[in-house]
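Rule-based calculations on the coordinates, nothing more; no lab input. It should be emphasised that the depicted structure is a prediction, and the values quoted were computed from it without experimental measurement. Heads up, the Cβs are rebuilt from the backbone with ideal geometry, glycines too, and the neighbour counts pull from every protein chain shown.
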Amino acid sequence: MSGAHVAGHIAAEQRKRRMQEEEERMTPYTSSELHEQWEFKIVRSVTNEFKKPVVFRQLIEQESIAGWELLEKLDDSRVRFKRPTSARKRDAMLPSGIDPYRTQHGISEGGLALRILLAVAFATGIVITLVILAESGRIF
């Protein structure tokens, strides 16, 4: 692993920790909410998809199928929901593809990282090919 890779990983972990701490400060639960049998979740998007009104509405509609109610949009990458714990009884009857406990919307962090790495590898391959062809006198 290169130093840049390690530094990037450390920076990503620090950002993730800061976001978790921020979420804990922004989303305090009252004792009545916790005693009234509510459960909560935050759905995240690594590509800030929730800034698009159509995507945001679709998310709310999809989550409502499993009984989740919108509490707040924290930012373009995080949305908080709640539902009564009694809704769990209907989870087994949800349509195929509906995961009542999903917390990720769209591509995952790992999937995004893989796409970036593949794009960099592809671009590097093109540059290397062009350099080899230029040095051999086949182009330019």
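When region 37-111 is described by a simple charge dipole with +1 on each Lys and Arg Cβ and -1 on each Asp and Glu Cβ, the residue from Val55, Ile42, Gln104 located farthest towards its positive end is Ile42. Ranked by the mean number of other Cβ atoms within 10 Å of their residues, highest first, the peptides 69-76, 89-96 fall in the order 69-76, 89-96. Close amide-amide hydrogen proximity is noted between Trp38 and Thr85, each under 5 Å apart and 5 or more residues distant or on a separate chain (H modeled in the peptide plane; Pro and chain starts excluded). The value for region 43-88 of Rg(Cα) / (2.2 N^0.38 Å) is 1.13.
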